[in-house]
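Notes follow the structure.
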Amino acid sequence: MTGRVYWMGAAAVLIGLPFVYHDPYPLHIMVLILIWSFVYTSWSVMGRFGLVSLGHGGFMGIGAYVTALLWNYQHTTPWLGIPLAMLAAVAVALLIGYPCFRFRITGHYFALLTLALSAIVLQIITATRDITGGSLGYTPERYNGGSSIYAVQFLDKETWYLVALAIWGAGLLIRYAVDRGMLRYALEAIVEDEDAAAAAGVHVTVEKLKVTVLSAAMTAFAGAIYGQYQMFISPDTVSGISVSLQMVFAAVVGGIYVPLGPTVGAAITILLTETLRISFGTAAIGWDNLVYGVLLVLFIIFLPQGLLGSVLAGITAARAKTA
Amino acid sequence: MFGIFDVYLLEAVINGILLGGVFALLALGLNLVFGVIDVVWICYAELIMLGMYGMYFLYVAYHVPFVLAALISIAGVGALGGLLHVLVIQPLLGTAPINQLLATGGVLFFLQSAATVMFGIDFRNLGIRLPVLELSGMYISYARLLAFAAALIGMVALYLFLARSYTGAAIRAVAQDRQIMPLMGVDTRRIYITTSLIAGGLAGLAACLLVLQYDVQPFVGLTFAPITFLICVLGGLGDMIGGFVAAFLFAEIISVAGLYLDLEWGYVFAFGFFVVLMFFRPQGLLARRR
């Protein structure tokens, strides 16, 4: 019971924060951490079942660009635009996922194929530069120059903080629901042995498609929200190989097998980037990724469960010893 | 017989063949590593990028003759390949395959940003402008012709090495069965390192050829890495002949589509073609149906 009290206390602090604290810069960092935590959680929903996708940068790009383009060209409210963007991402996920899963493309093949997918989405955004602005990026138009629920645009950081917090919480709930559902058992069986799972009556293709579609839709949603918050998107910040690898990196560093792992990963990576940026200014360009790269290699070799995963495993082991 | 459009088309087809030679070389190194060690180097194109920087600095800053600079670059990138294996792949050999792939993803991040930190993001080129060959109305660049020829020579040399030499036989044997060969007295550790050195050398060779056609910058790898991965998957990972065929297929699509539309659309078409082919040949172009 005490555990539940702690959780509710933590939730109360997180929700109450913007009502007493108004410094925009730390709030901005918090919003970024929450949005990216949701992205990394979306990735880990499928990533932890051995479906290592390097194509999620593509889904995120689709989410961000479809929403922004619909808003600017068709004046479609994001309330409709975001679901449409998610549908588009789901369509792409099905198009790539079906042949992959139907024909047993797994492991390296799957990773390389999805890697190519995120590169292709970036190529398409760049190629259609007349519409999307290409590599120069794209800005959704301000709605009457202010905040608006209709346009999902808010000028103050406090509102965005609460929105991002709600989205982050929803992401954790989705992950929790997957954990408690039949889907998890089916996917765990598939990870162990695809043939045995199929023989035991698990429809391998369908189960894999389910989790892929869920993950792609969540990632596209996050891309759209990110675009609405930053009011600027460019192919390099929301799509492409480096964004995909960044997702994998943060999730692995935090720990993909524990629910809060991706959140810890997001906090570590964003704080690291910001610290480097503030202490070294423009001289820091490149250094954050340099540190990421080294850390990723070290983590995979020495701490494959991730930071939070290892800590929690350590606590469990210590408890088992004392009990 | 040839109308004006036919000449352009023929030129695109020929350029496609020349491009295919370079693609085939790129895919060959990756396929070699995958076939023998069962690992994918996601950072393969970044090794090439470093090789291109090596060429740039040797040739432009230190005025080393081109051929000597090329040899130094090939040796240097080869050594990097060996280093990559010893530092990153070797500690991970026993773990889940996907970990090895992700670790080389970390190396990709590292190499890209190391290049950014060391060399900045300026576009650099050797300043060599090779003449263009005119052949009955078609224009074919010597740089591409040279790249094609060198890529073919490199591939034939590798083939002879694998087919004729003792070490080559050992490498092929390990590729066939990783478990049994150690029992037959083959030192797999040495075979793996040798393979990594060769694959690195192939990346170095590719770097020397690509530096004649592309400007060097830290992210240049991203321009040809995705297509190389597609070629390897379409050809069947580890299947060198399949990769060879796939390389020419893709190069033709990109080159011919690039004639009518932008180059980016060439890549998009190649990807679409790839997705369609996956329905028919999921295990690779030349794989036997199971």
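Here are the numbers for the structure shown:
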| item | result |
| --- | --- |
| Neighbour-count order for A:128, A:67, A:316, fewest beta carbons within 10 angstrom listed first | A:316, A:128, A:67 |
| Exposed chymotrypsin sites (Phe, Trp or Tyr not before Pro) absent - longest run of chain B, DSSP non-H/G/I/E/B, at most 10 other C-beta within 10 Å | B:124-290 |
| Choice from A:181, A:171, A:227 with maximal GNM fluctuation in chain A (Cα, 10 Å cutoff) | A:181 |
| Of A:92, A:45, A:13, the one that fluctuates the most in a GNM where chain A has Cα springs shorter than 10 Å | A:13 |
| Shape category assigned to the stretch B:114-273 from the gyration tensor of Cα positions, a/c cut at 1.5 | prolate |
| Least to most buried among B:264, A:192, A:141 (fewest other Cβ within 10 Å first) | A:192, A:141, B:264 |
| Net charge of neighbours whose Cβ lies under 10 Å from the Cβ of residue B:215, counting Lys and Arg as +1 and Asp and Glu as -1 | 0 |
| Cα long-axis angle, helix B:221-235 against chain B (0 to 90 degrees, to the nearest 10) | 70 |
| Estimated FRET transfer efficiency when R0 is 22 angstrom, pair residue B:96-residue B:167 (beta carbons, to 0.05) | 0.15 |
| FRET efficiency, residue A:103 to residue B:177 (Cβ-Cβ, R0 25 Å, nearest 0.05) | 0.50 |
| Shape call, the stretch A:2-239: gyration tensor on alpha carbons, a/c limit 1.5 | oblate |
| Inter-probe distance in nm under a simple model that places probes 7 Å from Cα toward Cβ, at residue A:180 and residue A:21 | 3.0 |
| Residues A:210, A:321, A:157 arranged by fewest to most Cβ contacts within 10 Å | A:321, A:210, A:157 |
| Helical contribution to [θ] at 222 nm, DSSP H n ≥ 4, -39,500 (n - 2.57), averaged over chain B, rounded to 500 | -24000 deg cm²/dmol |
| For residues of A:296-306, the mean tally of beta carbons on other chains within 10 Å | 5 |
| Kirkwood-type radius of the protein assembly as shown, with distances r between different C-alpha atoms, in Å | 25.6 |
| C-alpha center-to-center spacing [the stretch B:67-81, the stretch B:233-269] in angstrom | 27 |
| Cβ-placed point charges (K, R +1; D, E -1), dipole of chain A about Cα centre in debye, nearest 20 | 420 |
| Sum of side-chain charges, residue B:262 neighbourhood, beta-carbon under 15 Å (Lys, Arg +1; Asp, Glu -1) | -1 |
| Mean ellipticity per residue at 222 nm, deg cm²/dmol - from DSSP H runs of n ≥ 4 across chain A, formula -39500 (n - 2.57) | -25000 deg cm²/dmol |
| Listed residues A:160, A:182, A:123: farthest to the positive end of the dipole of the stretch A:116-199 (Cβ charges) | A:160 |
| Length-normalised contact order of chain A in % [C-alpha pairs under 8 Å, at least 6 apart] | 31 |
| Sum of side-chain charges, residue A:280 neighbourhood, beta-carbon under 12 Å (Lys, Arg +1; Asp, Glu -1) | -1 |
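Throughout, read-outs are computed from the coordinates displayed, never taken from laboratory work. Fair warning: this is a prediction, and the values are worked out from it, not measured in the lab. Note that each Cβ is placed from the backbone with ideal geometry, even for glycine, and that neighbours are counted across all protein chains shown.
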